[in-house]
Every structure is written in structure tokens, then in C-alpha cells.
Amino acid sequence: MMKHYFNDLVAGIEASLAAAPDNKSPRKLYALEIAKLGSRLYSGENRVAWCGIAAPFDILSAMNVTSCFVEFIGAMLASTGLSTEFLEEAEHAGFASDICGYHRAILGATRKGLMPEPDFLIGTTCPCSGGIAVMENMAAHFNKDLFVLNIPQQQSAAGIRYLADQIRQMVTFVSDHTGQPLDEEKLRAAVIRTNQARKLIAETYELAKQTPSPTDGKMLANFGIVMALLLGSDAAVEVAQAYLDEFKNRVKNGISGSKEEKLRLMWIQNRIQFKNPLVDMLEKEFGAVVVIDELNDITWDEIDPDDPYTGIARRAISIPFNGQATHRIDHLKKLAKDYKIDGAINPCNWGCRQGTGSKGLITEGLKEMGVPVLNLEVDCIDHRSFADGQIKTRMEAFIEMLNDRPSPWG
Amino acid sequence: MEPKENIGFACAYTPLPLIDAAGYAPFRILPVGDFPDQAGQLLHDNLCPHIKRILDRAMSGDLPDLAGAVFINSCDAMRRMADAWIDIHKIDTRKNGRTILIDLPATADSLSISFFRDELVRAADALADWRGKKIEPEAIAASIDKYNEISGLLVQIAQKFRQGRLDGGTAALQKIYNQAATSPFDDTLVRLKQLQDAPDSDAPKNKGVPVFLFGNVMPDPEAFEMIESCGAAIMNDDFCTGSRMFAPIADDDAGDVFSRMAEALLTRQPCARTFDPARPGKIAEDVLNNAKAAQALGVIGHTVKFCDPYLERLPFIREALKNAGMPLLLLEGDCSLRSIGQQKTRIEAFIEMLR
Ligand code: SF4
Ligand code: SF4
């Protein structure tokens, strides 16, 4: 099922790109690369590693392993409207509906044979306790070896050293399973490509800060988190370059991402992954544009190709979801200021303890700088409980409130 | 002697000997009592009642004076609890800044033990700083000895209770665990020694159906009493508010005190949040083996709602026990006796089925 889905998607996007070679939509290029990754995962021809979100995908790709964080499949299932069957399967197997929807969908998909058998698994303790538990479940289900990367909470010297050492051990684990030692030159080249993509993405984000923004509420949806999967590859550089070119062009020609940008919004944590009318409604009906998603930021420094493990360890630790809430709130405040945000939307994904557990402090923190937060109650994967009308009403009231107050940015 | 100041803690992985060696009394903030829900507002309703109750107690002024708090990053909920704890104490000039969150790896490999050791050193530095006095390694070694003595005594006393040689059954035993978790080491030692020396009781033995209990937190003694009143004899249990709290720290004169503690804490009987990647799902084996060792005829699992480490591993346990023909009853609660009480009929039916 997924194999055909991704193959058809690749063929469809390639055909559409070929039909209009001058119109290289960056979002299409991005979708193409993601579809290709999906296709590789399901082809049965590649070495596959199911991973946690903070795994070093550039190292894995330098070691010829097709790797992906499992939550990506959870999101795909939701976006294609297929998640219900798998959510139900998980619940039937005893996984409570209070578990994060991403994980429930994957646990169900695993049991239903939808997840290709991996060669091994790389779990990460960041961002959440649920994620590492899913890895343990999948390792038991497939009877495959699991390596765990413990992501420390702080950017301390001890923490960075600890993670860098674990990544070195992970490399040995991977080569033991692939039978191929790491080619240092390949890793070096991958790190250089990671740095190139990093720079291009950072410039793209810089342009997205413009008023009006060259982005709309959809172009960069899920971008930051999913691009991590492509890091180290030429595809990451190409996609990033396409975005940058498009944004430069838009800024130069005074083209804004949405027709009318009256209010600028920040989306906290992840998008609602199943089809829903909210972002469109905000934009079309109210001129309220999501110009920044929390994870669309570069929080890490360029990686030294001569000492890649340290830089890669720093990168994993820097994820906003890692560490104490103050770390995350400071980051959100910075984004709110840089993007001149009028209001923020926090979907409070049901089942996400690490995320929703900061709801009150985030609301308080952003309020201090005059940015109100609309906290919703949704399951970003499970559409069965989605109260469309109720959420729309709350959004309308929120927008009305934002319209009635002066911008916090003068 | 001046009474010792308390240091709050909330997890069985806390390095208690460090707190004692710093001159403080470790005080476990147990999720007990009935308070208005304020924590759910600050955090989110979907966080486990264990940490919400801890915060509610703090926000309702139900805790004794604490000179600081040592929390463990054992799961998402604990990390968020620590954030909120810091936030609600930020206006308290004395306590402001007196909270430390120790990172706890999910695996017990040598790199992790060594990192955790560094975290314990960081905790010791914080405690020394709060107390204004350096903690000498000899003092830590002495506290480890006291801790080990408590640990050994608790095992013996638990056995006496389970054999019916002490009055009060497992409810009384849980009271002792709770006292040990909330008192200075020295007071605990005195109390435990008295119990050890107490003459055997002539109260009638519990003739109930032997069961094994496991889960995350269940500190209320009355919950044990209630389960026994349904016809069960609790042969052993594995809760983070019970026997897991005082697992011994190996006697190793050669190793430094921090390494000893790090290794002992990380390799103790794990709860669901710590695991061996080489043996995924081993928690199920552990539950089964413990139940068999206790000669139980059935297992009762009690977990609090929204606890990810358990929620995602209970199906393992269910499957393993089913395959082994060991009956299992899973209960979900909110740390209150009320929530367990509501399941009384299910417990009675389960015990009846085991007879
Ligand atoms: S939404 Fe939260 S719980 Fe779910 S995968 Fe993401 S971080 Fe983990
Ligand atoms: S009960 Fe579970 S979720 Fe709550 S603090 Fe304990 S391990 Fe974490």
C-alpha cells in the first residue's frame, strides 16, 4: 500500500515538474524528495533504520542507510486520511487512546505489517518518553537490534561529550550491522552538505521574517522537522536552494506569500496533520497568516567537518523540545520578536506530555511580551475527535481579539 | 540537635544518600491528599496525576518547609513538573534557584553510568551550595552505609509483614515505606530496628489468594488494605513508591562514591522508563518472574493515567502474562483511593476467578 502510494506520488510530482520545467515550485521539490525517501523506505531494496526524531540522519545516509523517524509515517498516514484503521488496531491491541496519536498510528501500522522491517533501529530519548517506548516496541516486534541515543538536556561540556561518544558507538553499531565501516570522506562530504543546506535554510528563514512575509501558511508547514531527514544529501541542498531562490524573488518583486497579510501568526509545535480547513480559513477569511512554525529555525551552529560528532551532538541537544521549558520559551519569544508575531496557536496535541505540559508556561511567557496564545485541544493525528466547528469558532474569537488590540510591535 | 531541613524529591531514582550526606532529610513529595486541581491548569490535563498531585500539594501549601528540591528527569511529565515547580517558587527568595533536575539516561551502558555519575556530582555541588558546606566523600560513603542498612532492614521487615509476623498487613508496610521516604535516615533506622526486634504477632495470617502487584505509584496504605479486603494476599509488589525506592548500593570500597551510586541507581530493578535495548520488552519478563517468585496466582497492575512509560509497555506485559497463563488485572487510577475503590468489584471478581 505505502510502496504504491509513494511510487505514485514520485511519478505524479515528477510529471508535474516535467510539464512546467520553468516553474520549479520549492514545495513540489520538497514533496518530491520526501516521496522519494518514502519510496526508498518501502522499496525492499535498501537498508532501513527506523529512528527517533533526534537521530543523526546525515551520518546514517553517509553510511548508506535509508533512515527515517517513525513519526513521519504517522503524519503521512494522517495526511492521506488512512490513519483510522491503524489507530484502531493499536487501541485494539491495548495501547490506550491517551498515547500520542503519532505513536498510536505507528504501533497500529507495525502490527498490521505496514511498516517495512528495518535492519535495525536507532531510538532517541528526545523529544519524548513515548518515542523511545515506540522504538522498544518495534525492536521487540521485529526482533531487530536497537541502539539508544540518550540526548542530554543541557549543552554542558559533559552532555555534549556524552552524546558525541554515543554517536561514535552508534557508528560502530551501524557498521556492525551493515558490514561496512564508515567512510570518513563520505561523512565529511555529508557534513559539508549539511552545512550548505543549513546556511541556505537560515537565509530562507531570514527572508520569511520580512513584512509582508514571502511565505504563506502552508509553504513551510512541517519543513524544519522533515528537512532533518534529508540533511547530508544533495537533495537537502537543492530543496533549500529552491526555497531561497523563490523567497528572494518574491521579496525582490514585492510578492507576499498570502494575498493579504493583516495578522502574523506563529504555530507552536506540530501542525494538525490530517486535512482540515483551519490554516486556509485563517488566511482567506481573516488575512491571518502563519508565518513561522516553532521548529522552523536553525538552533545549531555549523558543524566542523573535522570534528563532526561534537557538532552533531550539539545540534541534537539544541532542539527546542529538549531540556527545560525555559529553553523552549526563550526560543519562542525570540521567534515572536523576529517575526513580529501578533498571536500564537498551540494545538496542544493530545497525548504529547512533553509539549502540552508547557502549555501554561508558554502562554505566560508569550503574554509577557504581548503575544496572546490560543490553546486548542486537538489530536494532531486522530481526526476522529476533531471538533471542526468548535475550533473555528474559537479561532474566530481569537482573531477578533487580535484585531481589537494594537500590535505588540508598534 | 537541630531538626534537619527537608529536601523534596519525587522519584525512586533520587540519590538519597547525597541528600543525607549534605545534612538534609530527604522528603518524598508523595501524590497524596485531595486538593483543588491547579496543576492541570498550569501544565495540561493530560499529564499524569502523580506529578499533578505533587504540584497541587505545593500550590495548596500542603508541604512542610523544604530547603530545596532534587528532581529527576525520568520522563516528560517529571521534566514538566520540575519546570512548573521552579515557576511557582520563583517569588520565594529563599527557595528560588534551589531546584535541580538531574538527567537520567534511559539505558545503563557504561557511557550512561559515567554521565549519570557527573550528574550526581552536579547534584552534590548544588546541595553543598544550598547548605553552604562542602560534602566530603567520606560523608557520602557513611550515608550510603546508612542507606544500605535501611534497605536491608526494609527487606527483612517486608518479609515479616508478608509472613504475617507483624500486624497490619501490607497497608502497614506501605506506611513504613512512606515514613522512610519522608524522614531523616537516622529516624528511619531507629524505627526500623524497633520493628525488626518486635516480637512476632499472633494475629491471624492472611489466608487470601496470593497475588503480585506492580505499577508506577501507589502510596496510599488504604489502597493495599482495600485490595486485601477483596480477598487477596499481596505476596510482593513492585512500585516506585514501595520496594524500588531503597534498592541497595553495592559495597565497593574501590569505586568512588558517585560511581557506586550511579551504577546502583541505573541498574536497579527498573521501572518502565529504563530498559535494556538488547532485551526490548524485558519488563514483561520481570513482572512475570517476580510474580512467580512470589508464588502468586495472579497479577494486579496499577498504573496512573497518562503515564507514557507504562502506557506503551503494558501490552508487552499483558501478552507475556497471557502466554505464561498468568492471570492479569490492569487497573488505571489517579493516585486516589477513590479511583481504586471504584474498581473494587473488578478486583473482587478477579480474586474470585483465581480461587
Ligand atoms: S507530538 Fe509529542 S509525544 Fe508525539 S511524537 Fe511529538 S514530541 Fe513525542
Ligand atoms: S507516573 Fe509515569 S508519567 Fe508520571 S511521573 Fe511516574 S513515570 Fe512519569
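The values are calculated or read from the model by the stated rules, or taken from the named source; none is laboratory data. Predicted, not measured: the structure shown is a model, and the values here were computed from it. Here Cβ is always computed from backbone atoms with ideal geometry, including for glycine, and neighbour counts include all displayed protein chains. We work out accessible area using only protein heavy atoms, side chains counted, and drop any ligands, DNA or RNA first. Shrake-Rupley method; radii C 1.70, N 1.55, O 1.52, S 1.80 Å.
Here are the numbers for the structure shown:
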item	result
Cα pair count fraction exceeding 22 Å, expressed as % - the range A:2-178	49
Semi-axis lengths (Å, descending) of the ellipsoid that matches the C-alpha gyration tensor of chain B	31, 23, 21
For the range B:164-231, the spread of Cα positions along each principal axis, largest first, Å	36, 32, 16
The range A:1-32 residues near the modelled A:Asp245 label - backbone nitrogen below 13 Å, point 7 Å along Cα→Cβ	A:21-30
Cβ crowding within 10 Å averaged over residues, with A:255-263, A:34-42 ranked highest first	A:34-42, A:255-263
Among A:Ala235, A:Ala336, A:Ala140: highest mean-square fluctuation, GNM of chain A, C-alpha pairs under 10 Å	A:Ala140
Gain upon complete extension [B:Glu149, B:Asn323; 0.36 nm per residue less C-alpha separation]	58.8 nm
Selected from A:Gln269, A:Gln390, A:Gln241 as most flexible by GNM, with chain A as the system and alpha-carbon contacts under 10 Å	A:Gln390
Probe 1.4 Å, accessible area per residue of chain B, Å²	38
Accessible area (Å², per residue) of the range A:2-178, counting only protein heavy atoms and a probe of 1.4 Å	33
Nonlocal amide H pairs with B:Val304, under 5 Å, H built at 1.01 Å	B:Asn216, B:Val217, B:Gly333
Neighbouring partner chain Cβ atoms per residue of B:271-277, average, 10 Å criterion	4
Pairwise centroid distance, computed over Cα atoms, of the range B:269-308 with the range A:277-309, Å	41
Ellipticity estimate at 222 nm from DSSP helix runs (n ≥ 4, -39,500 (n - 2.57)) divided over the protein assembly as shown, nearest 500	-16000 deg cm²/dmol
Listing of the range A:136-164 residues, each with accessible area lower by at least 50 Å² in the full protein assembly than in the chain alone (probe 1.4 Å)	A:Glu136, A:Asn150, A:Gln153, A:Tyr162
19 Å tail of the calculated P(r), the range B:41-158, as % of Cα pairs	61
Geometric extent, Cα atoms of the range A:37-134 - Rg, Dmax (angstrom)	13.1, 39
Amide H contacts under 5 Å for A:Asp293, placed H, 5+ residues apart	A:Trp267
Stokes-Einstein D (µm²/s) once Rh is taken as the Kirkwood radius of the range A:97-245 over alpha-carbon pairs, at 4 °C in 1.567 mPa s	72
Overall form of chain A per C-alpha gyration tensor (a/c, 1.5; a/b vs b/c)	rounded
Calculated FRET value between B:Asp167 and B:Thr267, using beta carbons and R₀ = 41 Å, to 0.05	0.70
Principal semi-axes in Å for the range A:279-410 [√(5λ), Cα gyration tensor, largest first]	29, 19, 14
For the range A:335-410, the spread of Cα positions along each principal axis, largest first, Å	41, 27, 18
20 Å-binned pair-distance histogram of the protein assembly as shown (Cα, whole percent)	16, 49, 30, 6, 0
Residues with amide H under 5 Å from that of A:Val70, placed H, sequence gap 5 or more	A:Cys51
Inter-site label distance for B:Glu2 and B:Lys175 at 7 Å from Cα along Cβ, in nm	3.2
Nearest-0.05 FRET efficiency for A:Ser156 and A:Asp234, computed from C-beta distance (R0 30 Å)	0.30
